[in-house]
Each structure stands twice: as structure tokens, then as C-alpha cells.
Amino acid sequence: MAKRLKLGGGAYFDPPASVKLFSSGCALLDCALGGGWPEGRIVNIVGDKSTGKTLLAIEATANFAALYPDGKIFYRETEAAFDEPYARSLGLPLDRVDMMRGLETVEDVFEDMEAAIGRATGPGLYILDSLDAVSDRAEQKRKIDEATFGGTKPKQMGQLFRRLTQRMSKACMTFVIISQTRDNIGVMFGERHTRTGGRALDFYASQIVWLAHLKQITRTVKKIKRVVGVQIRAKVKKNKIGPPFREADFPILFSYGMDDVQAACDWLEANGVSASSLVDGCRRWRDIDRWMKGLDDRDYRRWRARISKLLRREWDRVEMTFAPKRSKY
């Protein structure tokens, strides 16, 4: 958030002054994150299939590239399913990205990250898509029918973070890790889903965002109905730069990305903010959203910035209602 939230002589949920942020591509998600993705930190994006994990990484890359024209960007694709033309249509600046496939083990990732940190001369972004497709060398040597006894991958992940976290921070290298969900078999209480790689990420990541699929978005043209997107809920389960457990609902449209304007309009309407506060005489936010879709690119960006500014102001106002009335010390 741009402004400090003053309360009782202190700041309420204000990001550390030493942490710089860059946008996720959705103003509502930025608010839930405490301002955006943090530079020089570890971020974990977790979700089931078709929840926009790779999309969030692509939009983060696009916004990082716009903020830092000379910044180094490393995208490591391990699932052998990356569609470059489609990623370009979503905003991935492929001409700026050091794209690599073929990393198979945690040890390979460690060695590659060491090399990436050594090449960085300023802020950098390193994306691993995804952690679940990465094994470790001990597992590679085992036969498929041999017992794993819990595996050694979690141990290797802990070692990777211990050896690289401080170096990443000093190099201002943001590490975005994409994880897939797994069912927590036999769990009666607590989390029903988990992810691979052990618990090291729970401790070393500054932000952990879980994505959930809410519904499909359909559109009918000339009596033909098609699914054109999905509605996603992002829950920030851990946040070291802002308040945790904040949520953001946003639509993802195929070949477009996160619909930032619709997400903001839906939140403002749900929280009782009048549309006339932005446009005199307008009653519904959905009318503003529809009207904006007919604007040219320049006017659309200008109105999008106005809505984002109003959203952040109203989000701050809501947060302040939950703030303690005085400081303890």
C-alpha cells in the first residue's frame, strides 16, 4: 500500500521500509498481499489444476519486466507443458526471459540458482514452475519399486533454502515457486490438502498463496454457449509483509489473464461503495465495467488506474476498522 496506516503513533500492517514491491497484475490481489510481491523474498503459489498458478507467475513477470527494464528474469519450466505462444498472449515478455527446460532435481535447481544469482547485477526474478515436477538425485538412482521411506527431497529443499536465502536477499532476487496441491490422506482435522517438498517452504517463504477454483465463467453468443474463464479465490495463508489470511476473488479470462477491473468493481459493490463515487449518477459498478470495455486502450488504462486507486483507499478504510485502538507499549 502506498500510504502508511497511522494508528496510535505507529503503522498498522505497514510493509517494512526495506522491502520493495511489484504488482501481481490485479489491484485486489495486491491489497490482499499487502501491496504486491516482495523483492528479494521467497513466494509460494499453491493450487489445484486450472487455478491460474502459471498465469500468476506470467503476470508477475510482465509487471516485473515493466518496472525493471534491465532486470534479469529466469523462468524454469519443469513440467514439459509450457505453451510459449499462449504465454506471450498473456503478457510474458519472452525476449526478456531466460527460459530453460530440463531441470530434473533439487540439486539442479540449486546449481542453476547459484549461477543466476551470480549473473544478477540488479533486481532479478526467478520462477520455478513447478516444484512438484522436480525430483532429487537419490530418487533418480532408486528403482521404481524400491521403498522411499519419506524420500530425501524435503531434506534437500531445506538445505537449498538455508544456503541460498541470504544470498538471494542480498542480490535482490525474488524466488517464485509454484506448487501443486495433494490430498492429505487420513486427516480428520486441519488442512485437507498439502503440497510436496516438505515443510521448509512454510518457514522460508515470505508469502504463501493458495488458489481455489470457484466456478466457470460462461458467455453466450448467437445461442452458442462457451466457457471463457474461471473465477478464482486467492487466500494468503502466510504473509511477512502484511496481514495474513486476506482473500481476493478475481476472474481469469482465457487469453487475457486476471480481469483486474471486474475484480475491483465486484469488491467495491460487495462492500457497499457507491458507483457514483467514481462516476456521477451511476448506480451500478457492473455498468462501469461494461462501459469501460468499449474504451480504447489509453482511456481504459486511465480509468483502470482510477478504480485501482479507489479500491486501495476503500481497502485501507476497511482494514482500519479492525485495527487495535491503541498500541500496547
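The values are calculated or read from the model by the stated rules, or taken from the named source; none is laboratory data. What you see is a predicted model; the values in this text were computed from it and never measured. We place every Cβ from the backbone using ideal geometry, glycine too, and count neighbours over all the protein chains shown. SASA here: full protein model, heavy atoms, side chains in, ligands and nucleic acids out. Shrake-Rupley method; radii C 1.70, N 1.55, O 1.52, S 1.80 Å.
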- Query: Of all residues in the stretch 39-58, which are open to solvent by 10 Å² or more (accessible area, probe 1.4 Å) and under 12 Å from Ala234 (Cβ atoms)?
  - Reply: Gly52, Lys53, Leu55
- Query: In the stretch 60-74, how many residues are in contact with a Ser or Thr (Cβ under 7 Å, 6 or more places away or on another chain), open to solvent by less than 20 Å² (accessible area, probe 1.4 Å) and of a type outside the set (Val, Ile, Thr)?
  - Reply: 1
- Members of the stretch 13-53 found to be hydroxyl-bearing (Ser, Thr, Tyr) and under 12 Å from the mean Cα position of the chain (by Cα), listed by number: Ser23, Ser24, Thr51
- Message: I'm trying to understand the selection: among the residues of the stretch 231-275, which are more than 21 Å from Asp287 (Cα to Cα), hydrophobic (A, V, I, L, M, F, W, C) and out of contact with any helix residue (DSSP H, G or I) (no Cβ under 7 Å at 6 or more places or on another chain)?
- Response: Ile232, Ile241, Phe245, Phe254
- Restrict the check to the stretch 26-38 and report whether at least one residue is in a loop (DSSP other than H, G, I, E, B), in contact with a Gly (Cβ under 8 Å, 6 or more places away or on another chain) and open to solvent by less than 10 Å² (accessible area, probe 1.4 Å). yes
- Tell me, please, whether a residue that is free of Cβ contacts under 8 Å to residues at least 40 places away in the same chain, touching a Ser or Thr at 6+ places or on another chain (Cβ under 8 Å), open to solvent by less than 100 Å² (accessible area, probe 1.4 Å) and not polar (S, T, N, Q) can be found in the stretch 297-315. no
- Total residues in the stretch 308-329, condition among the small types (Gly, Ala, Ser) and modelled with pLDDT under 90: 2
- Query: Which one of these does Gln231 not meet: (1) without any contact (Cβ under 8 Å) to a residue 24 or more places away in the chain; (2) more than 16 Å from the chain's Cα centre (by Cα)?
  - Reply: (2)
- Task: Identify, by number, the condition in (1) open to solvent by 60 Å² or more (accessible area, probe 1.4 Å); (2) of a type in the set (S, T, N, Q); (3) under 30 Å from Ser206 (Cα atoms) that Gln262 doesn't meet.
- Result: (1)
- Item | Complete set of residues in the stretch 123-140 that are open to solvent by 20 Å² or more (accessible area, probe 1.4 Å) and modelled with pLDDT of 90 or more | Pro123, Asp132, Ala133
- Listed by first then second residue, the pairs whose first member lies in the stretch 76-98 and is under 24 Å from Ser135 (Cα atoms), whose partner is open to solvent by 70 Å² or more (accessible area, probe 1.4 Å), with beta carbons under 6 Å and at least 6 positions apart or on separate chains, are Glu77/Arg101
